[in-house]
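Structure first, commentary second.
The values are calculated or read from the model by the stated rules, or taken from the named source; none is laboratory data. Since this is a predicted model, take the numbers as computed values, not measurements. Please note: Cβ atoms are built from the backbone with ideal geometry, for glycine as well, and neighbour counts cover all protein chains shown.
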Amino acid sequence: MAKIVLAYSGGLDTSVIIHWLKVRKGMDVVAFVANLGQPGDLAAVGNRALKTGAEAVRVEDLRDEFVTDYIWPALRANAVYENGYLLNTALGRPLIAKELVRIARETGCEFVGHGCTAKGNDQVRFEAGIAALAPELKIVAPLREWEFKTREEEFDYAAEHGIEVPVKREKPYSIDENLWGVSIECGELEDPWNPPPKEAYLLTQSPEDAPDTPAVVEIAFEAGIPTALDGKAMDGVALIETLNRLGGEHGVGRIDLIENRIVGIKSREIYESPAATILLTAHRVLEEMTLSRQTAREKARIGQVYSDLVYAGQWFTDLREALDAFVLATQKVVSGVVRVQLYKGRCAVLSRRSPYSLYDVALATYGEGDAFAHEDAEGFLNIHNLDVKAQGRRRERFEKSRGQE
């Protein structure tokens with residue numbers, strides 16, 4: 001019998017997929033549950049896969065690797081897709097793909113399966129990662145070929161065959177959550193005119209319900225990586241979890257976005273990224289102090305390329321490695337402390353300091369201690385404006401010649 005390793009989340013799609021693969025494809029299923037920081041009892045999720053018909057289950061805690069090898073590189077690059085997506089789901093997919101390949105080889109699976117839709121982004125991310133790491137493995141994507149046209153039909157199939165699913169018909173959102181944030185779609189959210197209902201959000205309370213007293217937190221960075229909160233050293237997982245709780249309490253990190261999917265359609269997505277929003281805000285501010293103008297501008301351009309690459313599932317590529325090398329070279333001076341205020345959905349910078357700051361108070365001040373050589377400005381401006389003066393004289397000649405015609 002053919003054997004397949006399935007990326008299993010325990011949601012509606014993958015719960016139905018296990019039964020469907022056994023009945024329709026005649027396959028033995030090894031279910032893989034990746035712990036990337038999502039809530040819930042993942043051991044229970046694995047047991048549900050066994051009850052549904054999986055031959056075996058692997059549950060792996062990948063949180064430390066996720067932070068160190070995927071989240072921190074994205075943070076150093078200031079990776080944001082389009083108008084606000086902080087790439088939480090996109091960053092998790094290459095790590096899951098890598099583990100799927102490892103498990104497939106260890107268990108003798110010749111197929112890899114996932115629960116992604118035919119018009120979704122994650123099919124691209126999973127399959128690009130698998131193609132890069134194990135091109136010999138074959139892909140099975142049930143949602144691209146099975147008979148169900150709607151989620152309602154999946155619910156009916158699950159009920160008919162006694163398949164336990166955690167999602168209810170009256171709340172049919174498709175949700176992906178990990179340490180870096182939550183992605184929410186489907187249901188009434190598909191109409192861009194519908195405001196997101198309160199129950200759609202998982203990590204954040206609405207800004208109007210947030211505390212009336214703001215929270216202030218100091219974030220310490222070493223070479224572009226956050227290492228401590230309020231003077232207390234923390235590992236990456238604990239630091240992100242702490243900021244998710246604090247930011248979520250104050251309504252920070254909600255994003256409602258119409259984005260351009262890889263397959264060429266627009267999609268309405270709701271995101272919650274409290275920790276990511278706070279850390280990105282602080283990291284950018286520290287870079288403003290420590291990077292030269294030329295480096296900062298080139299890094300911003302590289303950051304956009306990096307974001308598009310991650311979004312499109314091109315993690316295991318030469319280009320991503322080359323971009324990481326550039327970004328890493330810029331981060332050696334990005335150390336210091338940033339103080340931010342969290343209040344009613346906003347993350348506002350209060351102050352910052354760095355031992356490698358390029359900001360010089362003596363040059364910037366308009367008060368006592370001003371060390372700027374004001375007398376040098378005239379010579380600077382004469383040279384700086386040579387080009388525009390030449391253009392001005394040419395404009396006069398051109399207009400004069402036109403007037404003579």
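For segment 226-258, how many residues are over 30 Å from R268 (Cβ atoms) and in a helix (DSSP H, G or I)? Steps first, answer last, please.
First, pick out the residues of segment 226-258 that are over 30 Å from R268 (Cβ atoms): 226-239, 242.
Then keep just the ones that are in a helix (DSSP H, G or I); that gives 236-239, 242.
Of the residues in that region, 5 qualify.
For segment 29-48, a residue qualifies if it is within 21 Å of E160 (Cα to Cα) and modelled with pLDDT of 95 or more, and exactly one does: V29. Does segment 354-369 contain any residue that is in contact with a Phe, Trp or Tyr (Cβ under 6 Å, 6 or more places away or on another chain) and not in a loop (DSSP other than H, G, I, E, B)? The answer is yes, given that some residue of segment 354-369 is in contact with a Phe, Trp or Tyr (Cβ under 6 Å, 6 or more places away or on another chain) and not in a loop (DSSP other than H, G, I, E, B). Pairs meeting the criteria (first residue in segment 355-382 and within 28 Å of T330 (Cβ to Cβ) and free of Cβ contacts under 8 Å to residues at least 24 places away in the same chain, second residue assigned to a loop (DSSP other than H, G, I, E, B) and of a type in the set (S, T, Y), beta carbons under 9 Å, at least 6 apart or on different chains) are P355/S335; A371/T365; F372/T365.
Residues that are over 27 Å from the mean Cα position of the chain (by Cα) and either under 23 Å from P39 (Cα atoms) or modelled with pLDDT of 90 or more (or both) number at least 1 in the following strands (runs of 3 or more DSSP E) confined to segment 121-193: 138-140.
Among the residues of segment 29-46, none is identified as surrounded by 24 or more Cβ atoms within 10 Å (Cβ to Cβ) and part of a helix (DSSP H, G or I). Can you tell me how many residues within segment 305-323 are surrounded by 16 or more Cβ atoms within 10 Å (Cβ to Cβ) and assigned to a helix (DSSP H, G or I)? Summing the residues that are surrounded by 16 or more Cβ atoms within 10 Å (Cβ to Cβ) and assigned to a helix (DSSP H, G or I) in segment 305-323 gives 7.
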